[in-house]
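For reference, the structure discussed in these notes is given below.
The values are calculated or read from the model by the stated rules, or taken from the named source; none is laboratory data. Note that the structure is predicted; figures quoted are calculated from it, not measured. Cβ placement follows ideal geometry from the backbone for every residue including glycine, while neighbour counts extend to all protein chains displayed.
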Amino acid sequence: MKGLKEYIKKHGKHFTEKLAYDVTGGKWNAARVNKSAQKKVYYNVTESTLGDILYITNEVYNRFSISTVDKCVKFALYIIGDYSFHGGMVFTDWVEELNDAKDSFDFTPYI
């Protein structure tokens, strides 16, 4: 995958808001997800970024058709608050899915 090493060097194994929005089809943007998250009490034990939360929120919508941003954010916050997950796990899983599917992805616009 073009630019993956450089992307990880700059952003770590985390989604930027733009990458998360672009690869999920962007049902909700970062501002909307952040607004919903700020209404809740949560612990970010995985050191997830807003981009990670945005990715999870939009993927919950895409995969499970949960219809409200608040319900999708609640699920995302559950994931980032779970000690069994580690920082970067969501990003790493996504990259592995791309590899398994033999999809080529260009990270250079996100560096």
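How about the range 85-104: which of its residues are under 13 Å from Ile8 (Cβ atoms) and touching a Lys or Arg at 6+ places or on another chain (Cβ under 9 Å)? First the steps, then the outcome.
We begin by selecting, within the range 85-104, every residue under 13 Å from Ile8 (Cβ atoms); these are 87-88, 91-92, 94-95.
Passing the criteria: Gly87, Gly88, Phe91, Thr92, Val95.
Restrict the check to the range 76-91 and report whether at least one residue is part of a loop (DSSP other than H, G, I, E, B), modelled with pLDDT of 95 or more and aromatic (Phe, Trp, Tyr). Step through it out loud before you land on a result.
Step one: of the range 76-91, the residues part of a loop (DSSP other than H, G, I, E, B) are 81-88.
Next, only the ones that are modelled with pLDDT of 95 or more stay: none.
No, there is no match, as no residue in the range 76-91 is part of a loop (DSSP other than H, G, I, E, B), modelled with pLDDT of 95 or more and aromatic (Phe, Trp, Tyr).
Looking at (1) in contact (Cβ under 8 Å) with a residue 60 or more places away in the chain; (2) over 10 Å from the mean Cα position of the chain (by Cα); (3) surrounded by 14 or more Cβ atoms within 10 Å (Cβ to Cβ), which is the one condition that is false for Val23?
For Val23, the failing item is (2).
Residue-wise test of (1) on the phi > 0 side of the Ramachandran plot; (2) assigned to a loop (DSSP other than H, G, I, E, B); (3) in contact with a Leu (Cβ under 7 Å, 6 or more places away or on another chain); (4) not hydrophobic (A, V, I, L, M, F, W, C).
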{"position": "Lys5", "(1), (2), (3), (4)": "no, no, no, yes"}
{"position": "Leu19", "(1), (2), (3), (4)": "no, no, no, no"}
{"position": "Gly26", "(1), (2), (3), (4)": "yes, yes, no, yes"}
{"position": "Val33", "(1), (2), (3), (4)": "no, no, yes, no"}
{"position": "Thr46", "(1), (2), (3), (4)": "no, yes, no, yes"}
{"position": "Asp52", "(1), (2), (3), (4)": "no, no, no, yes"}
{"position": "Glu59", "(1), (2), (3), (4)": "no, no, no, yes"}
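If you scan the range 31-40, which residues turn out to be touching a residue at least 12 places away in the same chain (Cβ under 8 Å) and surrounded by fewer than 19 Cβ atoms within 10 Å (Cβ to Cβ)? Full working, then the answer.
Within the range 31-40, the subset touching a residue at least 12 places away in the same chain (Cβ under 8 Å) is 32-34, 36-37, 39-40.
Across the range 31-40, the qualifying residues are Arg32, Asn34, Lys39, Lys40.
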